[in-house]
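A short worksheet on the structure shown next.
The values are calculated or read from the model by the stated rules, or taken from the named source; none is laboratory data. On a predicted model such as this, the values are computed, not experimentally measured, just so you know. A quick note on method: Cβ atoms are made from the backbone with ideal geometry, for glycine too, and the neighbour counts reach across all protein chains shown.
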Amino acid sequence: MVLSFSLINIQNSQVQFTFSRLDGLLTNYKVQHTNFIQDGFNLKPNFWRPPTDNDFGAGLQKKLQNWKRASHNYVMLGFEIDSTNNKLIKLSVHYALPDVFAFLDLHYEINGDGMLKVTETMHVDHAKQEPILFKFGMQMMLPKKYNQMEWYGRGPSENYWDRKDAAFVGVYNINVHDQFHPYLRPQETGNKTDIRWMQLTDKNGSGLWISGDTVLNITARHFLDKDLDDGLEKHNSHAGELKERDLTVLSIDLQQTGVGGINSWGTWPLEKYQLKYKDYSYTFIIKPIQ
């Protein structure tokens, strides 16, 4: 395996990983000449979801907006590379999240078979009183041809931390197009909880296999989050007017705050289903399927 810098470019004849010098994020994940990351995108931290009707009722789209900012405004402080073992390269990238008074570490382990192990860790300033976060996780955009999702977890319909009793653990296989529920107004949709493993493939069975060090929340859609997000105020948007993008957005999350439902005009999700402002860490592995 050859190591050079873009920030870092790791490649052999079959595998190539490229991390941006500007922000340290993975921009190229290529196995046998196939790049699993859509051109112009990356694998990035994410703490936001498109607000639901219940979120708007509670004003969370305003009260939590610093987490939306933090999903885009991370300041790279430095990085370390350990290439002493040329069969397993390790990269750690350190960030400040100034909007939420926190620091974020992304640790990667990469081998020549295309395996990518990612650990995301956040350390918050416990002296601050920041609000809950919608989710703690990461997100990547793949070419749209990766549209077959199979998973071992709760399903087959969408389910959430506080809305999953009728979604039973099993093995399910559904097209990504069908993961999207056309609520009258576009909003968060399609999440699956308690994921032991999942794979996202094309019609020929090639793609990615994912598992975590704990059960995960995973969502796959043909829409960017901003397509489903009205911003600070509701607008006259309708799900039927949306047009799928030429990509598949994959969210790999440790957890997501519950969607509530006690009422839709002010009540937050129950406290036990809220992601509090505190330290978080989780690990997941991505492997190519050929």
| field | Residue in segment 150-157 that is part of a loop (DSSP other than H, G, I, E, B), of a type outside the set (A, V, I, L, M) and at pLDDT 95 or above present | value | yes
Picking from GLN129, GLN139, the residue that is within 20 Å of SER71 (Cα to Cα) and at pLDDT below 95 would be GLN129
Look at ASN66 and say whether it is touching an Asp or Glu at 6+ places or on another chain (Cβ under 7 Å), modelled with pLDDT of 95 or more and loosely packed, with under 15 Cβ neighbours inside 10 Å.
no
- Query: Given the structure, is ILE89 in a strand (DSSP E or B), over 20 Å from the mean Cα position of the chain (by Cα) and over 18 Å from ASP23 (Cα atoms)?
  - Reply: yes
Flagged in segment 253-290 as without any contact (Cβ under 8 Å) to a residue 40 or more places away in the chain and aliphatic (A, V, I, L, M), in numbering order, are ILE262
Scanning segment 116-130 residue by residue, those part of a loop (DSSP other than H, G, I, E, B) and surrounded by 15 or more Cβ atoms within 10 Å (Cβ to Cβ) turn out to be GLU130
Residue count, segment 268-290, condition more than 17 Å from TRP67 (Cα to Cα), in a loop (DSSP other than H, G, I, E, B) and within 20 Å of the chain's Cα centre (by Cα), comes to 0
ALA96 being in contact with a Pro (Cβ under 9 Å, 6 or more places away or on another chain) and free of Cβ contacts under 8 Å to residues at least 40 places away in the same chain: no
Note on segment 165-184: residues surrounded by 17 or more Cβ atoms within 10 Å (Cβ to Cβ) and either of a type outside the set (A, V, I, L, M, F, W, C) or under 20 Å from the mean Cα position of the chain (by Cα) (or both) are TYR172, ILE174, VAL176, GLN179, PHE180
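Restricted to segment 205-237, and to residues that are touching a helix residue (DSSP H, G or I) at 6+ places or on another chain (Cβ under 7 Å) and assigned to a loop (DSSP other than H, G, I, E, B), which residue is modelled with the lowest pLDDT?
LYS234
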Selection from segment 75-93 of residues among the charged types (D, E, K, R) and touching a residue at least 24 places away in the same chain (Cβ under 8 Å) yields LYS87
Counting only residues in segment 195-226 that are in contact with a Lys or Arg (Cβ under 8 Å, 6 or more places away or on another chain), within 22 Å of PRO288 (Cα to Cα) and of a type in the set (D, E, K, R), the one surrounded by the most Cβ atoms within 10 Å (Cβ to Cβ) is identified as ASP202
Taking segment 234-272 and keeping residues over 30 Å from LYS144 (Cα atoms) and either hydroxyl-bearing (Ser, Thr, Tyr) or surrounded by fewer than 15 Cβ atoms within 10 Å (Cβ to Cβ) (or both) leaves ILE262, ASN263, SER264, TRP265, GLY266, THR267, LEU270, GLU271, LYS272
Taking first residues from segment 47-74 that are more than 24 Å from PRO182 (Cα to Cα) and second residues anywhere that are assigned to a helix (DSSP H, G or I) and modelled with pLDDT under 95, the pairs with Cβ under 9 Å that are 6 or more apart or on different chains are none
